[in-house]
1. What value, in deg cm²/dmol to 500, does the helix sum -39500 (n - 2.57) over DSSP H runs of n ≥ 4 give at 222 nm once divided by the residues of the chain?
2. Among 149, 109, 4, rank each residue by its count of other Cβ atoms within 10 Å, from fewest to most, as a rough exposure measure.
3. Spelling out what I want: for every residue of the range 36-47, take phi, set θ = phi - 60°, compute 6.51 cos²θ - 1.76 cosθ + 1.60 (Karplus), and round to whole Hz; glycine and proline get x.
4. Rounded to the nearest 0.05, what FRET efficiency is calculated for residue 28 and residue 91 with R0 set to 25 Å and r the Cβ-Cβ distance?
5. Separation between the residue 110 and residue 144 pseudo-spin-labels, each 7 Å from Cα along Cα→Cβ, expressed in nm?
6. With a 10 Å radius around each residue's Cβ, average the other Cβ atoms per peptide and rank 28-38, 130-140, highest first.
7. Using only the alpha-carbon atoms of the chain, report the extent along each of the three principal axes, biggest first, to the nearest angstrom.
8. Which ordering of 148, 56, 43 is given by a fewest-first count of other beta-carbon atoms within 10 Å?
Amino acid sequence: MPFTFTRLAIPDVVLIEPRVFPDERGFFMESYKYSEFAAFGIKEHFVQDNHSRSKKGVLRGLHYQRPPKAQGKLVRVVVGEIFDVGVDIRLARAIEKDGSIARAKGSPTYGKWVGERLSAENKRMLYIPPGFAHGFCVLSEEAEVLYKTTEEYAPEYDAGIR
């Protein structure tokens with residue numbers, strides 16, 4: 001298997017380490033393979049790729065899209081290093097006896113976060129499922145981040161947390 005999958009403290013967030021084949025010319029690695037991800041349980045289809053560049057100390061996030069356009073993300077760094085974070089904001093709606101809708105915690109890890117250092121050197125990736133806010137802080141002089149999303153950007157569903 002070309003990937004090692006590790007569930008983090010919030011088990012729906014997964015650290016992914018690709019198998020890297022270095023040689024005197026450089027290296028080769030698969031950065032995504034649907035069959036391998038699906039065999040592990042990550043069966044989402046990614047529909048959009050994004051690329052950002054940021055300077056040291058830049059904080060991007062915490063961003064998310066509200067349902068029905070909530071985005072899962074597969075994040076990796078191709079230049080530099082970041083500290084990448086996912087925050088569980090999954091809510092459920094409970095219907096009260098009077099027919100009103102109340103919000104209730106929908107996840108046992110609601111409000112909790114996990115983070116990992118991702119870099120061009122370690123080639124690790126982080127899968128952050130729909131229902132999570134996502135953000136990162138640049139640790140190196142500059143960083144370029146590539147990430148796939150499970151929904152296209154929809155500005156009317158875009159939101160953030162300060």
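1. Counting only the DSSP helices, I get -1000 deg cm²/dmol.
2. Details: 149 23, 109 17, 4 12.
Listing 149, 109, 4 from fewest to most nearby Cβ atoms yields 4, 109, 149.
3. 6, 5, 5, 4, 7, x, 8, 9, 4, 9, 8, 10
4. 0.05
5. If labels sit at residue 110 and residue 144, their model points lie 4.1 nm apart.
6. Order by mean packing, descending: 130-140, 28-38.
7. 70, 36, 27
8. 43, 56, 148
Here, each number is a calculation from the coordinates, and none is a lab measurement. What you see is a predicted model, and the numbers here were worked out from it, not measured in a lab. Using ideal geometry, Cβ is built from the backbone for each residue, glycine included, and neighbour counts are taken over all protein chains shown.
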